[in-house]
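Data block below; observations after.
The values are calculated or read from the model by the stated rules, or taken from the named source; none is laboratory data. What you see is a predicted model, and the numbers here were worked out from it, not measured in a lab. Cβ: placed from backbone, ideal geometry, glycine included. Neighbour counts: every protein chain shown.
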Amino acid sequence: MLDIKFIRENADKVKEAARNKNRKVDIDRLLEIDEVRRKLIGESENLRAERNKLAKEAQKDPAARGKGRALKEKIAHIEAELKKAEEVFTSLMYQVPNVPDESVPVGPDDTFNVEVRKWGKIPEFSFTPKDHIELGKIHDLFDVERGAKIAGFRGYFLKNEAALLEMAVLSYTYKKLVSKGYIPLIAPSLVKDFTLFGNGQFPWGRDEVYHLEKDDLYLAGTAEVPVTAYFAGEVLSGEELPKKFVAFSPCFRREAGSYGRDTKGLYRLHQFNKVEQVIINKNDYRDSLKLHEELLQNSEEVLRDLKLPYRVMLMSTGDMGEPQVKKYDIETWMPSRKAYGETMSNSFMGDFQTRRLNIRYRNKKGEMEFAHSLNNTAIASPRILIAILENFQQEDGSILIPKVLQDYIGTKKING
């Protein structure tokens, strides 16, 4: 959520940001209702002050009591109007997207994303490479047929070395970030709705979230949701920031907007496991941008450790999401796609989420400020397994295990 004072003073800039992010929001109506509520707040405060004054006078002047009762009715009417105005105001405020950083390319979709850099050599096979689905069948690595029978469309079982490989890559990444000083968490996947409003997934992405109606709980699509909300409603000390977390959680996404896309294999699933990085920082724009680069570097290091070729993309305004100030995607080479596929995303949110979640801290002057929040996918599986299996397949049908994962699995390769 943006600061309403910022919106008042930068209405054209906010309108432009909404257009560039392909979001329709009536900023003029928001400012209009803001003016109404401010006027009603002022009237209510003045009338309450007058009523308090009459209450003291009523001890000596009986006529003041009648005036006090009349004021009470007037206050009740004004506050009923104020409640309606506040509801409209809050609804409109929740629809205003964040303002992108000046470095973000402007464009309506992913074709305007900018490649920042590439790393690694794309493998050249002397044989016809197989996709991960074929490799999975040959080596009995996963079972999507029985997965669909048990869990429905996009359901799956990981088996044998694939199950070990997922545990290995998640554990390796988790331990790597803990060694860098990140606080380890196992995060809940069941969350209350305020976390999703705070995260910025609601109101825009409601269709993507599983809702457990009986309990009025939701299944989080990323540990970003519960971990960013970890300090909701709290006041922190500026001296303890930044707080850096690495969190593991099962993740759930309805993929409602992806009908007909990636219907086979392990690329787009309803359930997966993820290691997420989350940082709560001081309200220092330059410092937060440095932390944004640190998160990106962490994910790149993981892919370099795995020897997987990748590229970093700076996302355009139309492809970055509503809450982001700046966002990178990391895409890893997947031979079967003959292209890079997204495996990590890295976002700087400014104080957009922390305003919604009311996460504040006291600065050195003792003043209250809203914190900044950042998050990054350190690793997500089984999507990353696609890249590992396909890039490291050998002509004899075997699949090499990345060296950093071999001790976790107890073998150097999956035999043909």
Condition set of a type outside the set (Lys, Arg) and outside any helix (DSSP H, G or I), scope the stretch 109-119, selection nearest to Arg19 (Cα to Cα): answer is Asp109
For the stretch 207-241, the count of residues that are of a type in the set (Lys, Arg) and within 19 Å of the chain's Cα centre (by Cα) equals 0
What residue, of Tyr172, Tyr182, is farther than 19 Å from Pro242 by Cβ, buried (at least 16 other Cβ atoms within 10 Å of the Cβ), aromatic (Phe, Trp, Tyr) and in contact (Cβ under 8 Å) with a residue 24 or more places away in the chain?
-> Tyr172
Given (1) assigned to a loop (DSSP other than H, G, I, E, B); (2) of a type outside the set (A, V, I, L, M); (3) under 30 Å from Tyr285 (Cα atoms), where does Asp215 come up short, assuming only one miss?
-> (3)
Could you tell me whether Gly155 is assigned by TED's automatic domain parsing to the domain that holds Gln297 and not in a helix (DSSP H, G or I)?
-> yes
Residues Arg254, Arg261: which one is among the charged types (D, E, K, R), crowded, with 17+ Cβ neighbours inside 10 Å and in a loop (DSSP other than H, G, I, E, B)?
-> Arg254
Checked the stretch 204-251 for anything among the aliphatic types (A, V, I, L, M), under 29 Å from Arg268 (Cβ atoms) and surrounded by fewer than 19 Cβ atoms within 10 Å (Cβ to Cβ); matches are Leu212, Leu217
Check whether at least one residue in the stretch 128-139 is assigned to a strand (DSSP E or B), out of contact with any Ser or Thr (no Cβ under 7 Å at 6 or more places or on another chain), touching a residue at least 12 places away in the same chain (Cβ under 8 Å) and more than 30 Å from Val312 (Cβ to Cβ), and report yes or no.
-> no
Go through the stretch 91-108 residue by residue and tally those that are surrounded by fewer than 19 Cβ atoms within 10 Å (Cβ to Cβ) and assigned to a loop (DSSP other than H, G, I, E, B).
-> 8
Report the residue count in the stretch 75-90 for those that are within 30 Å of Asn20 (Cβ to Cβ) and touching a residue at least 24 places away in the same chain (Cβ under 8 Å).
-> 4
Of the residues in the stretch 223-253, those that are among the β-branched types (Val, Ile, Thr) and on the phi > 0 side of the Ramachandran plot come to none
Filter the stretch 3-24 down to residues that are more than 19 Å from Glu35 (Cβ to Cβ) and outside any helix (DSSP H, G or I), then give me how many there are.
-> 4
What pairs come up if the first residue lies in the stretch 337-360 and is of a type in the set (Lys, Arg), the second is surrounded by 20 or more Cβ atoms within 10 Å (Cβ to Cβ) and in a strand (DSSP E or B), and their beta carbons are under 8 Å apart, counting only those six or more places apart or on different chains?
-> Arg355/Phe370; Arg360/Phe370
Do we have any residue at all in the stretch 319-328 that's closer than 25 Å to Gln201 by Cβ and at pLDDT below 95?
-> yes
Matching residues in the stretch 19-56 - criterion: being surrounded by fewer than 16 Cβ atoms within 10 Å (Cβ to Cβ), in contact with a Leu (Cβ under 8 Å, 6 or more places away or on another chain) and more than 28 Å from Pro108 (Cβ to Cβ) | Ile41, Glu50
Quick one: which residue in Glu276, Glu293 is under 28 Å from Ala18 (Cβ atoms) and free of Cβ contacts under 8 Å to residues at least 24 places away in the same chain?
-> Glu293
